[in-house]
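The values are calculated or read from the model by the stated rules, or taken from the named source; none is laboratory data. Computed from a predicted structure; not experimentally measured. Glycine gets a Cβ as well: all are built from the backbone with ideal geometry, and neighbour counts include every protein chain shown. Surface areas here come from the heavy atoms of the whole protein model, side chains and all, with no ligands, DNA or RNA. Shrake-Rupley method; radii C 1.70, N 1.55, O 1.52, S 1.80 Å.
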Amino acid sequence: MHKKREHWATRAGFLLATAGSAIGLGSLWRFPYMAGENGGGYFVLLFIGFTFLIGLPVFMAELTMGRRSQRGPVLAFTELAKNSHIWRLVGWLAVITTFVILSYYLVISGWSLNYAFMSLNQFYKGKSYDEIVQVFDIVYKSPQMNVFWLFIFMIMTGGIVFGGVRKGIEKWSRILMPALFIILVGLFINSMTLSGAGQAFKFIFSPRGSALSATTVLNALGMAFFALSVGLGVLITYGSYMHSNDDIPKTALIIALLDISVSLLAALMIFPIIFTYGFQPQEGVGLIFKVLPVLFAQMPGALLISTVFFLLIVFTALTSTISLLEVLVATSMETFNWTRKKSAILASCAVFIFALPSALSGAGKFFPLWEKVYGKNFFETFDYLTGSWFLPLSGILTAVFVGWAISPEMRKKEFIEGSKYKWVYVPWLLILKYIAPLAIVLIILNKSNLVNIDAFFCRN
Ligand code: PHE
């Protein structure tokens, strides 16, 4: 017999919690830095295209799986495929990817918390631009600071998940998501008044031939999945707390639109600062932490703006870390029959331990040779591996699973249940069955140099 499953208290609560999972450091931290490193233009347009064409259908597929099975990813894949052991492995792939992403995501969340506290002391005051930028290097290289803030963030996330889905996740998302939106729009308007705004627009939206490569395409696909929280079982888990009268296509579309808006707002807020003050778009993982304080330092009310901004980043990060930890907790509750409390404690400890090498990456303390061998430090390696490889892989498998492996009647019934947009079913299925798998396979093959799509398109 199943234990009775908790469900979202209200429809708005579900929407906000899912939006809270989607919107987070992916949009505010990862998207701007990836856009910078991948040369803007094509990367951004591909990101938008992939979000709607592939990310969104897989998003709906995950919600459908979750609501149908009332399970977390491992059991959802297993039971919907009539106890197939192979599909069970795919469920585990999603869970492992979640575990790894959560581990380094917590480290960046910890930086945000650290910056919120430093903002209270106006750490940028009286410093030159260069000195403000260097604060990030100090933070990045300090083992104590990284481990301390990681620990605090883990406790916050663990505490909320420990309290349960409704009380914890839903309540916080209701308050914090709207607040974030307002401050983002304010900062975006402010950035539009800077002299570098025009150049920023050009960088972000104008595609230039040189920047298009298989790597850019794969990175954009991974980024679209990352920003939507697709490919990790998060949406399967959240879908399992949905009611049968919730509208799957509508929810998914609203969230994709919100997610894209926040990502673009973040980029349009940051790149004008970069061009106005002469920074490089390729600053890498520290981009927002280095660049934003330079702007804050010159604004009236800097203390308030900078503190509130970093606090809001903390909160959006928190609504995402909660969703990631919830996957691990739901999975251990179901597979090992543990209680929620025991699962939350053990999962938090395991994630914390695995996060330590990422937290110590900047200091070069753990695996000091890692960077020499792999060309990226521990933290960057895992960001790249999971963000650009595991996510597309697990996304394609989810598309294939829902497109081909589960019962068609059940799929259709579950998808259209509670929805006013029943016509979406046919195009959705076409994408899941053919377009998404094909696109993802081509991109992965191209990236691994087995076929060369670039050469095909770029022949002179
Ligand atoms: N989508 C979240 C973000 O943009 C990150 C995330 C990925 C959260 C996958 C959950 C699952 O920050």
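Going through V90, V135, V147 one at a time, which residue ends up being more than 24 Å from T331 (Cβ to Cβ) and touching a Leu at 6+ places or on another chain (Cβ under 9 Å)?
Values: V90 fails: more than 24 Å from T331 (Cβ to Cβ); V135 fails: touching a Leu at 6+ places or on another chain (Cβ under 9 Å).
None of the others qualify; the one that does is V147.
Conditions tested, residue by residue: (1) touching a strand residue (DSSP E or B) at 6+ places or on another chain (Cβ under 9 Å); (2) of a type in the set (A, V, I, L, M, F, W, C); (3) closer than 25 Å to S388 by Cβ.
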site	(1), (2), (3)
R68	no, no, no
R71	no, no, no
L89	no, yes, yes
F99	no, yes, yes
L113	no, yes, no
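Spot the failing condition for L89; the list is (1) surrounded by fewer than 23 Cβ atoms within 10 Å (Cβ to Cβ); (2) touching a residue at least 40 places away in the same chain (Cβ under 8 Å), and only one is missed.
Going through (1) surrounded by fewer than 23 Cβ atoms within 10 Å (Cβ to Cβ); (2) touching a residue at least 40 places away in the same chain (Cβ under 8 Å) one by one, L89 breaks only (2).
Hey, which of the helices (runs of 4 or more DSSP H) in region 125-244, taking only ones fully inside, have at least 1 residues that are within 22 Å of V107 (Cβ to Cβ), more than 16 Å from the ligand (Cβ to nearest atom) and out of contact with any His (no Cβ under 8 Å at 6 or more places or on another chain)? Before the answer, list the steps.
On the way: elements: 129-141, 143-163, 171-192, 197-205, 214-228, 234-239.
Per the criteria, 129-141, 143-163.
Between a residue in region 307-320 that is part of a helix (DSSP H, G or I) and aliphatic (A, V, I, L, M) and any residue that is modelled with pLDDT of 90 or more and surrounded by fewer than 21 Cβ atoms within 10 Å (Cβ to Cβ), which pairs come within a Cβ distance under 6 Å, given they are 6 or more apart or on different chains?
L311/A116; V314/A116
Any idea which of G286, G278 is assigned to a loop (DSSP other than H, G, I, E, B) and either in contact (Cβ under 8 Å) with a residue 40 or more places away in the chain or over 18 Å from the mean Cα position of the chain (by Cα) (or both)? It would help to see each step written out before you state the result.
Values: G286 fails: assigned to a loop (DSSP other than H, G, I, E, B).
The match here is G278.
Any chance you could count how many residues in region 296-306 are assigned to a helix (DSSP H, G or I) and more than 30 Å from L102 (Cβ to Cβ)? Please lay out each step first, then the result.
Keep residues of region 296-306 that are assigned to a helix (DSSP H, G or I), which gives 296, 302-306.
From what is left, the residues that are more than 30 Å from L102 (Cβ to Cβ) are 302-304.
Residues meeting the conditions: 3.
For L46, indicate whether it is within 21 Å of I431 (Cβ to Cβ), open to solvent by 10 Å² or more (accessible area, probe 1.4 Å), in contact (Cβ under 8 Å) with a residue 12 or more places away in the chain and within 14 Å of the ligand (Cβ to nearest atom). Before you say what the answer is, go through the steps one by one.
Details: within 21 Å of I431 (Cβ to Cβ): yes; open to solvent by 10 Å² or more (accessible area, probe 1.4 Å): yes; in contact (Cβ under 8 Å) with a residue 12 or more places away in the chain: yes; within 14 Å of the ligand (Cβ to nearest atom): no.
No.
So the check is Cβ under 6 Å with 6+ separation or different chains; which pairs have a first residue in region 387-399 that's open to solvent by 10 Å² or more (accessible area, probe 1.4 Å) and a second one that's at pLDDT below 90?
From residues that are open to solvent by 10 Å² or more (accessible area, probe 1.4 Å), the pairs are I396/I440.
Filter region 127-148 down to the residues that are in contact (Cβ under 8 Å) with a residue 40 or more places away in the chain, more than 22 Å from L346 (Cβ to Cβ) and not small (G, A, S) and list them by number. Break it down stepwise before answering.
Applying the first criterion (in contact (Cβ under 8 Å) with a residue 40 or more places away in the chain) to region 127-148 yields 127, 129, 132-133, 135-137, 139-143, 146-147.
Still in the running and more than 22 Å from L346 (Cβ to Cβ): 127, 129, 132-133, 135-137, 139-143, 146.
Those that are in contact (Cβ under 8 Å) with a residue 40 or more places away in the chain, more than 22 Å from L346 (Cβ to Cβ) and not small (G, A, S): K127, Y129, I132, V133, V135, F136, D137, V139, Y140, K141, P143, N146.
Inspect all residues belonging to region 60-73 and state whether any of them is over 18 Å from the mean Cα position of the chain (by Cα), under 19 Å from S173 (Cβ atoms), in a helix (DSSP H, G or I) and within 16 Å of the ligand (Cβ to nearest atom).
Yes, some residue in region 60-73 is over 18 Å from the mean Cα position of the chain (by Cα), under 19 Å from S173 (Cβ atoms), in a helix (DSSP H, G or I) and within 16 Å of the ligand (Cβ to nearest atom).
Tell me, which residue of region 23-42 that is more than 16 Å from the ligand (Cβ to nearest atom) and open to solvent by less than 10 Å² (accessible area, probe 1.4 Å) is farthest from A317 (Cα to Cα)? Reasoning before the result, please.
Within region 23-42, the first condition is being more than 16 Å from the ligand (Cβ to nearest atom), and the residues that meet it are 36-42.
Filter once more, so that each one left must be open to solvent by less than 10 Å² (accessible area, probe 1.4 Å): 36, 40-41.
Values: G36: 21, G40: 24, G41: 26 Å.
Of everything passing the filter in region 23-42, G41 is farthest from A317 (Cα to Cα).
Enumerate the pairs (first residue in region 233-257 and aromatic (F, W, Y); second residue anywhere and away from the ligand (no atom under 14 Å from the Cβ) and in a helix (DSSP H, G or I)) with beta-carbon separation below 9 Å, excluding pairs fewer than 6 apart on the same chain, so at least 6 apart or on different chains.
Once the first residue is aromatic (F, W, Y) and sits in region 233-257, its partners that are away from the ligand (no atom under 14 Å from the Cβ) and in a helix (DSSP H, G or I) give Y238/F14; Y238/V165; Y241/F14; Y241/R67; Y241/V165; Y241/R166.
Does at least one position in region 93-116 carry a residue that is in a helix (DSSP H, G or I), within 16 Å of the ligand (Cβ to nearest atom) and under 25 Å from V426 (Cα atoms)?
First, pick out the residues of region 93-116 that are in a helix (DSSP H, G or I): 93-116.
Cutting the leftovers down to within 16 Å of the ligand (Cβ to nearest atom) gives us 93-113.
Within this subset, residues satisfying the condition of being under 25 Å from V426 (Cα atoms) are none.
No: zero hits.
From the list I313, I305, I273, exactly one residue is closer than 17 Å to V185 by Cα and within 16 Å of the ligand (Cβ to nearest atom). Which is it? Even if it seems obvious, please write down each step before you answer.
Values: I305 fails: within 16 Å of the ligand (Cβ to nearest atom); I273 fails: within 16 Å of the ligand (Cβ to nearest atom).
Result of the check over I313, I305, I273: I313.
So, of the residues in region 330-382 that are of a type in the set (D, E, K, R) and farther than 21 Å from V139 by Cβ, which turns out to be surrounded by the fewest Cβ atoms within 10 Å (Cβ to Cβ)? Before you say what the answer is, go through the steps one by one.
Let us first name the residues in region 330-382 that are of a type in the set (D, E, K, R), namely 334, 340-342, 365, 371-372, 376, 380.
Then drop every residue that is not farther than 21 Å from V139 by Cβ, which leaves 334, 340-342, 372.
Details: E334: 21, R340: 19, K341: 14, K342: 15, K372: 8.
Per the criteria, the residue is K372.
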